[in-house]
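Everything on this sheet refers to the single structure shown next.
Just so it is clear, none of the values below were taken in a lab; they were calculated from the coordinates. Keep in mind that what you see is a predicted model, and the values were worked out from it rather than measured. Here the Cβ is made from the backbone with ideal geometry for all residues, glycine too, and neighbour counts use every protein chain on show.
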Amino acid sequence: MKFSAPAFSATLFALASGVTAQLTILSPGGPDLWWVAQSDNDITWTCKTSPYTNFTVLIANSDPTVLVQPQAFIAQQNNFDCSELITKDRVNMPPATGYTIQLADPFNETNVYATSQPFEIKPLGSVYPASSATPTATGSATGSASGSATETKAGAAAASSSASGSNGAAGLVAPGSLAAAAIAALGLMFA
Ligand SMILES: *[C@@H]1O[C@H](CO)[C@@H](O)[C@H](O)[C@H]1NC(C)=O
Ligand SMILES: *[C@@H]1O[C@H](CO)[C@@H](O)[C@H](O)[C@H]1NC(C)=O
């Protein structure tokens, strides 16, 4: 199963426009949020806006010589945990670029709910991403409709203010950086 670019774009569109409750992977993903091989890493997602109670967690790579097909490493992850520590005993992939994390339907792994931005797994001993770059999603996921809608709107507002160049992270010009800024803004909100 290949990385699904259209689904990814749809997620970004929904994130930027704030139209519906969405499940988005905040970390890892993109140039600033990598993993370190044979080390503890984590996954953080938008648990407060997720329409799902649980999902299967997979890792994929765009290069079939790295990984032929997505590999599930958590069969059933509760959404309300908001983030999960991934020790090397749970998944241990070689250093490479082009990895993505997928959150999928526990009954059908090819029904992918959310795909991270591509990220690198750096060699053992590499530094971790700066804590300032790492989004957190603490707090309870009550899943109330009003709460989710408010968060989505606030996230979109924060994303658009970031995109207008009000902070350093938004100073990047690549098209992908708007999404990165939106994701960073969401991460700050959930902190
Ligand atoms: C996990 O998700 C599936 C599919 O959405 C759902 O049918 C099931 O009830 C969920 N299980 C728990 C324990 O929440
Ligand atoms: C699993 O999900 C994929 C993608 O949504 C879908 O095309 C396929 O029909 C599903 N398989 C089953 C057995 O439901």
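Using the count of nearby Cβ atoms within 10 Å as a rough guide to exposure, how do 131, 126 rank from fewest to most?
Placing the least packed residue first, the sequence is 131, 126.
Add +1 for every Lys or Arg and -1 for every Asp or Glu among the other residues with Cβ under 14 Å from the Cβ of residue 31, and state the total.
Around residue 31, the charge tally is -1.
Using modelled backbone amide H atoms (1.01 Å from N, in-plane), which distant-in-sequence or interchain residues come within less than 5 Å of residue 77's amide H?
55, 56, 57
What chymotrypsin sites (Phe, Trp or Tyr not before Pro) in the stretch 54-137 are in a loop by DSSP, with at most 11 other Cβ atoms within 10 Å of the Cβ?
When the chymotrypsin sites (Phe, Trp or Tyr not before Pro) of the stretch 54-137 are filtered for loop state and at most 11 Cβ neighbours within 10 Å, 107 remain.
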